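The values are calculated or read from the model by the stated rules, or taken from the named source; none is laboratory data. What you are looking at is a predicted structure, and each value in this text was computed from that prediction instead of being measured. Using ideal geometry, Cβ is built from the backbone for each residue, glycine included, and neighbour counts are taken over all protein chains shown. Accessible surface is based on the protein model in full, side chains and every heavy atom, while ligands, DNA and RNA are left aside. Shrake-Rupley method; radii C 1.70, N 1.55, O 1.52, S 1.80 Å.
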Amino acid sequence: MNFLEERILKDGLVKEGNVLKVDTFLNHQMDVELLDEIGKEFHRRFADVNITKVLTIEASGIAIAYAVARCFGVPMVFAKKAKSINIDGDMYTAEVESFTHKNKNQVIVSKKVLSSDDRLLIVDDFLANGCALQGLISIAEAAGASVEGICIVIEKGFQYGGRSIRNLGYRLESLAIVESMDHETQTVVFRDQSE
């Protein structure tokens, strides 16, 4: 069992509807030491790849992507869910649906910050159905950038997102893959990822 799986068992909470709450340490209140460990682990797993930027989506992915980008010594870019007056000019856009929030958002990235020269590592906190990842991949493709890998903190292995992204040929690394969880017993079963 790895450091993240241990933390999920200690502080995670399983809610009805296949929701795993990790908001006391990952995506509301953030344990910065845990984020540092996550960044180091993804850096270790992708040390063989030349990365020029880390790409994520707001809001939960930002702190994680920052930790990863810091380890690689590269900039981090996040797709915004709303256009503001601070973003002008041409933009890449994609529509993404959130499993957690049950809504669709148009996400945007300024064309000034992504180009065909970029070799991207995409980072996010959760992978369920893969909609956010597919949106980020489509933005990368529109920019002509190459997706060198995808880093997911927690993958719901019983949902189709991970399988569909891997079937597209992407190198996807998840720190914890949840095979099953039960809100009545508060049990979480992880996929064995030992090599």
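General remarks:
- Set ALA132, ALA143: member being closer than 25 Å to ARG70 by Cα and within 15 Å of the chain's Cα centre (by Cα): ALA132
- Sole residue being modelled with pLDDT under 90 and aromatic (Phe, Trp, Tyr), chosen from PHE78, PHE99, PHE46, PHE42: PHE99
- Counting only strands (runs of 3 or more DSSP E) wholly contained in the range 1-74, no element carries 3 or more residues that are open to solvent by 50 Å² or more (accessible area, probe 1.4 Å) and either touching a Gly at 6+ places or on another chain (Cβ under 6 Å) or of a type outside the set (A, V, I, L, M) (or both).
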